[in-house]
1. Could you calculate the FRET efficiency of K429 with E563 from 1/(1 + (r/R0)^6), where r is the beta carbon distance between them and R0 is 41 Å, rounded to 0.05?
2. Rounded to the nearest 10 Å², what accessible area does T289 show when all protein chains are kept and the probe is 1.4 Å?
3. Tell me, in nm to one decimal, what length is gained between F234 and S248 on full extension, where the rule is 0.36 nm per residue of separation less the Cα-Cα distance?
4. So for the stretch 326-519, taking the charge dipole from beta-carbon charges (+1 Lys/Arg, -1 Asp/Glu), which of V493, Q375, H330 sits furthest toward the positive end?
5. Multiply the residue gap between I26 and E367 by 0.36 nm, knock off their C-alpha separation, and tell me the result in nm, one decimal place.
6. Could you size up the charge dipole of the stretch 453-504 around its Cα centre, putting +1 on the beta carbon of Lys and Arg and -1 on that of Asp and Glu, and report it in debye to the nearest 20?
7. Is the shape of the stretch 422-565 best called rounded, prolate or oblate, per the rule: a/c under 1.5 gives rounded, else a/b larger than b/c gives prolate, else oblate, with a ≥ b ≥ c the square roots of the Cα gyration tensor eigenvalues?
8. Rounded, prolate or oblate: which fits the stretch 326-519, taking a ≥ b ≥ c as square roots of the Cα gyration tensor eigenvalues, rounded meaning a/c under 1.5, else prolate when a/b beats b/c?
Amino acid sequence: MKLYIGQRKYQVNVFIPIVTIITTFILFANIPARQGVAVAIFGILTMFIISLRKFILSKRVSAFLIIYQLLLFCLLHQSIYYGYGTHHYKGLARPAVFFDWLWMVIYHGFRAADIFDFLEAYHINLQTVKSASSFSSGCLIAMHWMLDIFLLTWVLNKRFVESLERYLNLWKPSLAIGFFSFFGVLIFPPIALILFICAFIFVFSVIANIITALRKANTKKMTSATFFILSVGFLLWYALFASSQKWSVIDTLLWWPLDNIIRLLDIGDTFQIMDWHLHSVPKGFWPATLALSFRVLIGIPLAAFVGRIRLKYLGGVIMQPLELLQNMSHTDDTIRQQARNKMHEMLTRSRDSIPELVSDLVFVQNEEIVREALQILEEVHPLWRGNPQNLIELMKELLEENRHDRTVNVLQMIDANWRNGEAIHQLTKYFIEHLKDKRMKIKKYAISSLGNNATQSLPILYDILKQQGTEEICCALEAIARMQQPDSFTKVVVLIAHVDPGIREVALATLDVLDNNWRSTKKNLVRSTLQDRLFRVSGLWYKISRWRTASREKRQLQTVLQELQ
């Protein structure tokens, strides 16, 4: 079954997931609750092993398998409630219904991604049911661990920071709404979820802008100075607040910081689910704000420290090519050398890592690091350019709005004649599918990415020449010029009388590429083509349908015809 979303086509078998879910519901409705617990646990473990195997073999995670695991967790909690007693859960003033378990799993799914930790810190309760025993809490912790494993792999493989910057910057107009929603979450609990989403967008938009600014600055001094100022400000705030609230010395110096560090590192959210605390600090708005600020601040050096330990002392265990590329520009000479050695070892061990490494070069800002990585690749595999599969993933980045220009630069470094290569030829169909995309930039990038031999795209390019978009027409003309097909001459020649001077200039340049002597050898053909166009433009229906440009186009055609006489 083919599923169409917008202009994109996906090969999806929808029948199997639907039948699987319906069968699962029928099964749980017809077996005793205690047996349902065993069946759910067996199903969860089976799906987890299948998902993990799929990820190890293909580095992809099946969304359906993850969703199906969440459904099984939902049925597991329902079976525990009815099979082993209501004392395993609390918070219900009435008998539980399926929606309560569904919302519980959805809420903890967000908690596993650390999205709802904001609400947990401020003790805002959105749950209708909570775990009240070690058994039910253990099931929730297991769900958190399973989700966190796949979330971490997704973050590592999808270049999360780039995606964060790209998508969250689209929400800049919502900053004011998010700012007021930040306080609305605390004041209006009934609509807390909707307001929290706005606040979440606001907070992460600010973070994305800070990350972007620091990356553009790209100086260690600025980053270190910013962190130092934030640290000093936080320590002063912490000392004054702790003394004013009369916290004990042991809580202030040891237990409160250690509790928050453990919660930061606690991937499975065990402390939050079991409601464990190492300190005796009372709950409240300002202690929660202080705790969140501390976790954000301590997370920056902690992440850097973990990365340093992995590379320097653990030999770069399970490091992705992008991480190695980033460490090759580190200020520490030892880490830079370790990253180079690890990359050399990774490429020597397997050729399968070459396509991922090459595609990750797009995310490296420093061109010297790109050249150095290509040199290492050349040393290990001198003939790697001969395999088109090594470049295909990189070339697909040509259609990404914020990575097109960098992809072109990397391809130029790899091979100045990449438009004539076998890899771009194999992707011709892929680019042609995007020529009809409704998004103008994607269409423009698809046109400019076409290879010099993509002649099967010419009929679509001819249709684009009849449209009104200046950028699209100019890109189509440049692509036609690269293919140098004589039959394109009559399609292009009418544009030398276009009302847009930019299009006229590109059209003349294209004609010069198709036939350098066209002004003398094809003068009569040009004149007859333009006269036919003038006759059509002078028609009543054309004047009605193109009433804004018809008169200007007619005058321009007459001017060009006079020049050709």
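1. 0.50
2. Estimated to the nearest 10 Å², T289 gives 30 Å².
3. Details: separation 14, 0.36 × 14 = 5.04 nm, distance 1.89 nm.
Using 0.36 nm per residue and subtracting the Cα-Cα distance, I get 3.2 nm.
4. The one lying farthest along the dipole's positive direction is V493.
5. In short, 116.9 nm is gained.
6. 120 debye
7. It comes out oblate by the Cα gyration axes.
8. prolate
The values are calculated or read from the model by the stated rules, or taken from the named source; none is laboratory data. What you are looking at is a predicted structure, and each value in this text was computed from that prediction instead of being measured. Cβ: placed from backbone, ideal geometry, glycine included. Neighbour counts: every protein chain shown. Side chains included, ligands, DNA and RNA excluded: accessible areas come from the protein's heavy atoms. Shrake-Rupley method; radii C 1.70, N 1.55, O 1.52, S 1.80 Å.
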